[in-house]
Amino acid sequence: MSKKGIAILGATGSIGTQALDVIRAFPNQFEAVVLTCGSNAALLIQQALEFKPKAVVVTDSLQYSYVQDALKGHNIAVLLGEVGLVEVVQYEGVDVVLNAIVGSAGLKPTVKAIQSKKDIALANKETLVVAGELIMALVHEHGVRMLPVDSEHSAIFQCLTGEEHNPIEKIYITASGGPFRGKSRPELRYVTKAQALKHPNWSMGAKITIDSASLMNKGLEVIEAKWLFNLSIDQVDVIVHPQSIVHSLVQFQDGSMKAQMGVPDMKLPIQYALTYPGRFENNFERFNFMDYPTLSFEKADMETFRNLALAYESLRAGGNRSCVLNAANEVVVDAFLKDRVGFLEMSDVIEQTLDQVEFIAAPTLDDYLETDRVARLITKEIIKD
Ligand code: NDP
Ligand code: MG
């Protein structure tokens, strides 16, 4: 059996490094054909020397010659920037593009990968938040698989296996509630980035960790699920489950509910996306009932965590609204991480941006890219960045 060739976009990040752990565990099944980084050139070089991919891409131009020099004589092509990303996803030896880039920068490489008939393992949820309708139309047009890596969506995907002909009544996306679950707005006003970066159950990149604290991550996941599973907005619900053991649930038309469970470890959904429809034996941690005598569920507080409400509103409004929401969020999260805006201000600024960007009912890819650009400028203006 020939090995499955994987292109890991964002190999130096939290998901990217865990994806390499999975590949390392199954050297006869998987091969890292492409690795890419933003600016962490030192780690990319180390990964490239270990995995010997055909090519690496560096998106930070300042790091390019450093990587080129380090990999000289190793028969590894070194490409630069978005142009490089869009080129490597087309390589012949690539069977699956695992997109683990953070933010809307992941959109164009996903589009090109689908057009090149590559299966997608998608961690980069922003791709579907920005342009879900367009992306899923491309997936169907080119007959590729869109395999979710996000744990909630992987859970739903696993629950739906074997149920292809049974309509879904509803899905419940579980949310841990993040570090500020149960807090009131006055208590949230002065929370610091250090507090927001302490997620109770998951260790992840900075942007998604802040999104988890503000519940924007759950909002983005609602949008991601709507497009991925072709649901109406009313079919997508969020339920807070602080233990993060039930990764999400599907309710069918007879009232039966299926849930997927396991310890919170992203390596499992990453592995499933790569082995689907099969499952490979591994030595990941197993669930122990005695560690979790109680699994609890509660309603999500959309009044305190307004980002979740804004995400539902954007989805309901359609067109380029979710693209605006995402762009504004990327800018405010970055500003929050630099101590330039407060925690609660983030939703205010996103809402103001949504009010100011022109509505486009049926955007093309170029419209989405332009919306993303304009929304970022407007958000920066609002926060005087
Ligand atoms: P990280 O910040 O840890 O990693 C992001 C990766 O993308 C890094 O390799 C980074 O490079 C690269 N990168 C950053 N900006 C750009 C850019 N503009 N162009 C190209 N590459 C870039 O993020 P995570 O791994 O946490 O998250 C990645 C994606 O997966 C996100 O969309 C997130 O929402 C999603 N996800 C993550 C989960 C997790 O557990 N971490 C869980 C579910 C979903 P470098 O570091 O070299 O600069
Ligand atoms: Mg998730």
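Out of everything in region 122-160 that is small (Gly, Ala, Ser) and surrounded by 18 or more Cβ atoms within 10 Å (Cβ to Cβ), what residue ends up being nearest to ligand 1 (Cβ to nearest atom)?
Restricting attention to region 122-160, the residues satisfying the condition of being small (Gly, Ala, Ser) are 123, 131-132, 137, 143, 151, 154-155.
With surrounded by 18 or more Cβ atoms within 10 Å (Cβ to Cβ) added as a condition, the list becomes 123, 131-132, 151, 154-155.
Numbers: Ala123: 3, Ala131: 14, Gly132: 14, Ser151: 6, Ser154: 9, Ala155: 12 Å.
Among them, the one singled out is Ala123.
Selection of first residues in region 208-225 that are β-branched (Val, Ile, Thr) and of second residues that are in a helix (DSSP H, G or I) and near ligand 2 (Cβ under 9 Å from one of its atoms), restricted to Cβ pairs under 7 Å at least 6 apart or on distinct chains, gives the following pairs, ordered by first then second residue: Ile208/Asn217.
Does region 161-176 include one or more residues that are away from ligand 2 (no atom under 16 Å from the Cβ), under 19 Å from the mean Cα position of the chain (by Cα) and surrounded by fewer than 16 Cβ atoms within 10 Å (Cβ to Cβ)? No, every residue in region 161-176 fails to be away from ligand 2 (no atom under 16 Å from the Cβ), under 19 Å from the mean Cα position of the chain (by Cα) and surrounded by fewer than 16 Cβ atoms within 10 Å (Cβ to Cβ). Looking only at region 104-121, residues that are buried (at least 22 other Cβ atoms within 10 Å of the Cβ) and within 15 Å of ligand 1 (Cβ to nearest atom) come to 8 in all.
Per-residue answers, yes or no, for (1) in contact with a Pro (Cβ under 7 Å, 6 or more places away or on another chain); (2) within 26 Å of Lys125 (Cα to Cα); (3) among the aromatic types (Phe, Trp, Tyr):
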position	(1), (2), (3)
Gln18	no, yes, no
Ala25	no, yes, no
Ala32	yes, yes, no
Gly38	no, yes, no
Ser65	no, no, no
Lys72	no, no, no
Ile76	yes, no, no
Glu92	no, yes, no
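Considering Ala48, Ala19, which residue is among the small types (Gly, Ala, Ser), assigned to a helix (DSSP H, G or I), in contact (Cβ under 8 Å) with a residue 24 or more places away in the chain and within 16 Å of ligand 2 (Cβ to nearest atom)? Show your work before the answer.
Details: Ala48 fails: within 16 Å of ligand 2 (Cβ to nearest atom).
Answer to the selection: Ala19.
Of everything in region 190-241 that's of a type in the set (Ser, Thr, Tyr) and outside any loop (DSSP other than H, G, I, E, B), which residue is farthest from ligand 2 (Cβ to nearest atom)?
In this case the residue turns out to be Ser214.
Scanning region 77-94 for residues that are closer than 16 Å to Phe51 by Cβ and not hydrophobic (A, V, I, L, M, F, W, C), we see that the one that is surrounded by the fewest Cβ atoms within 10 Å (Cβ to Cβ) is Gly93. When Val83 is tested against (1) touching a Ser or Thr at 6+ places or on another chain (Cβ under 6 Å); (2) part of a helix (DSSP H, G or I); (3) free of Cβ contacts under 8 Å to residues at least 60 places away in the same chain; (4) not small (Gly, Ala, Ser), exactly one condition is not met: (1).
All of the numbers you see were taken from the coordinates with simple rules; none came from a lab. A quick note: this is a predicted structure, and the numbers were derived from the prediction, not measured. Cβ coordinates were reconstructed from backbone atoms using ideal geometry, including for glycine residues, and neighbour counts include every protein chain displayed.
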